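Some notes on the structure that comes next.
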Amino acid sequence: MDLLWNAYSNVSDDEEQPKRQRLSSSSSNLPKRHLPLPSPPLFHQTQSPIPGSYISKRQRSLMGPTPVPLPDSVPVPSPFTLPAKDHHSQNLISEKLSATLSGHTNAVNAIHWSSTHAHLLASAGMDHTICIWNVWSRNQKKACMLNFHNAAVKDVKWSPQGHFLLSCGYDCTSRLVDVEKGLETQVFREDQIVAVIKFDPDNSNIFLSGGSKGHIKLWDVRTGKVVHNYNRNLGPILDLEFTMNGKQFISSCDVSQSNISENAIIVWDVAREVPLSNQVYAEAYTCPCVRLHPFDSIFVAQSNGNYVAIFTSTPPYRLNKYKRYEGHVISGFPIKCNFSLDGKKLASGSSDGSIFLYDYQSSKVVKKIKAHDQACIDVAFHPIIPNVIASCSWDGSILVFE
């Protein structure tokens, strides 16, 4: 099963632009300025008139018309010149529906774009399946369906090289699949429901897993064994995120069953297996999602308080008490958020089925897209194409906006 040969290609209309520019530079279409007519030949050399003296009509006719100075050159708009776009409008993301992906028979928990094969999107469903979508295919959008899990699938991630898929779910396993061959290569078994997985950004052989019993494990794909355990009597792990240098990671756990809210978000030291800070978020809300900004030293956490909180990703890991992203509604759903490729936008799902797009700097709502009939669970900006975003819903639908 060779899925990766059909690379996504996009023929742009911009290829005709050089021809348009040559046409616009042609002088045949531009209006010509009328220069003053040359003075008629004079049979008698006349002296220059004295300033202020009277000049008869006969003398004026012999002198010819008085030259009028030409104004400065004014650019003439060409019919082939495109109007300049407003800078603010370029930052807005269009809500044009590019693709509808139907195939899951139950809720979709997670979606993930391939960073090496731009046309491929993976989705994890409550129907025990993983779907690989050839998003822009005109014929068969569902490229493959994987049925290796025995229960609902909670999360799915492409390997950094793009040849493997890592998934986890309610069958207490994480599974690695060779996408090109369609074969399961490794199974990582645990004694808990595995809710989230995350590859190390610097080492694709290492990944984190977190589950329902609050256990966090660091696995080595080459040996299939656990390298580190991170245990602190936590509630169910909801999300994990590595920091930029890969030496720390951030965990989010469910604190709804406990009166202690200080463990909701913890920053861990990867090598020493110890928490660097467990008093990052003191409010009594669970955070189903944490995301690191692609450039700045901050991370955000989706809060069940119907807002996205902002934190510094360097010590002392402080909460920004003066700015947050709010407008969407969580209503108890495990709704996720994500930054755009350039870090200028933050997208979040909402329980009303909408996608909310926020300006990163001002935290204001840039656009609201009514996408799904039920709760929008996950949103994912394309890692290569900046104007593409995908979303999945509790109703099993997946939409791609371009």
Check: If each Cα of the stretch 270-327 is one equal point scatterer, what is log10 of I(q)/I(0) from the Debye formula at q = 0.15 Å⁻¹?
Finding: -0.45
Notebook entry, point to check: What is the percent of Cα-Cα separations in the stretch 131-212 that go past 14 Å?
Noted result: 62
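Exceeding 18 Å between C-alpha atoms, which entries from my cross-link table qualify? They are K247/K323; K336/K368; K181/K217; K142/K336; K157/K198. Show your work: numbers first, answer last.
Numbers: K247/K323 27 Å; K336/K368 16 Å; K181/K217 28 Å; K142/K336 24 Å; K157/K198 7 Å.
Where the Cα-Cα span goes over 18 Å, the pairs concerned are K247/K323; K181/K217; K142/K336.
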Check: At q = 0.11, 0.13, 0.18, 0.21 Å⁻¹, what base-10 log of I(q)/I(0) does the Debye formula yield for the stretch 171-330 when every alpha carbon is treated as an equal point scatterer in vacuo?
Finding: -0.44, -0.61, -1.10, -1.39
Notebook entry, point to check: Can you give the accessible area of K367, probe radius 1.4 Å, in Å² rounded to 10?
Noted result: 40
Note to self: Rounded to the nearest 20 debye, what is the charge dipole size of the stretch 253-367 about its Cα centre when +1 sits on each Lys and Arg Cβ and -1 on each Asp and Glu Cβ?
What the structure shows: 360
Check: Using 7 Å Cα-to-Cβ label points, what is the E95/V187 separation (nm, one decimal)?
Finding: 4.5
Notebook entry, point to check: Label-point separation (nm) for V365 and K344, each offset 7 Å from Cα along Cα-to-Cβ?
Noted result: 2.2
Item checked: Residues D373 and I298, FRET efficiency given R0 of 30 Å [Cβ-Cβ distance, rounded to 0.05] -> 0.35
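For S115 and Q257 in one chain, what is 0.36 nm times their gap in residues minus the Cα-Cα distance, to one decimal in nm? Let's see the in-between values first.
Working: separation 142, 0.36 × 142 = 51.12 nm, distance 3.74 nm.
Result for the pair: 47.4 nm of gain on full extension.
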Note to self: Could you put L146, L238 in order of accessible surface area, largest first, with the 1.4 Å probe and the full protein assembly present?
What the structure shows: L238, L146
Item checked: log₁₀ of I(q)/I(0) at q = 0.16, 0.20, 0.22, 0.26 Å⁻¹ - the stretch 279-363, Debye sum with one point per alpha carbon -> -0.55, -0.88, -1.06, -1.44
Note to self: Suppose accessible area is computed on protein heavy atoms with a 1.4 Å probe; arrange Y317, Y170 from highest to lowest.
What the structure shows: Y170, Y317
Notebook entry, point to check: How much space per residue, in cubic angstrom, does the convex hull of the C-alpha atoms of the stretch 310-402 take up?
Noted result: 107
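Give me the percent relative contact order of the stretch 257-402, please, defined on Cα pairs under 8 angstrom at least 6 residues apart.
Dividing the mean separation by the residue count of the stretch 257-402 yields 14 percent.
Calculate the translational D of the stretch 97-154 in whole µm² s⁻¹ from Stokes-Einstein, where the hydrodynamic radius comes from the Kirkwood formula applied to all Cα pairs, the temperature is 4 °C and the viscosity 1.567 mPa s.
Details: Rh = 11.6 Å.
My calculation gives 111 µm²/s for D.
Convex hull over the Cα atoms of the stretch 168-235, averaged projected area in nm²? Working shown, then result.
Details: hull surface 19.2 nm².
Reported value for the Cα convex hull: 4.8 nm².
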Notebook entry, point to check: Once Rh for the stretch 240-291 is found with the Kirkwood sum over Cα pairs, what is the Stokes-Einstein diffusion coefficient at 25 °C and 0.890 mPa s, in µm²/s?
Noted result: 219
Checklist line | Linear extension gain, K142 paired with K225, 0.36 nm per residue minus alpha-carbon span | finding: 26.6 nm
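Determine, for each peptide in 305-315, 181-191, 115-125, 267-277, the mean count of other beta carbons within 10 angstrom over its residues, then list the peptides with the highest first. Walk me through the intermediate numbers first.
On the way: 305-315: 18.0, 181-191: 14.1, 115-125: 22.5, 267-277: 16.0.
Highest-to-lowest ranking by the protection proxy: 115-125, 305-315, 267-277, 181-191.
The values are calculated or read from the model by the stated rules, or taken from the named source; none is laboratory data. Computed from a prediction, not measured in an experiment: that's the story for all the values here. Virtual Cβ from ideal backbone geometry, glycine too; neighbours counted across all protein chains shown. Surface accessibility is based on the protein's heavy atoms, side chains included, excluding ligands, DNA and RNA. Shrake-Rupley method; radii C 1.70, N 1.55, O 1.52, S 1.80 Å.
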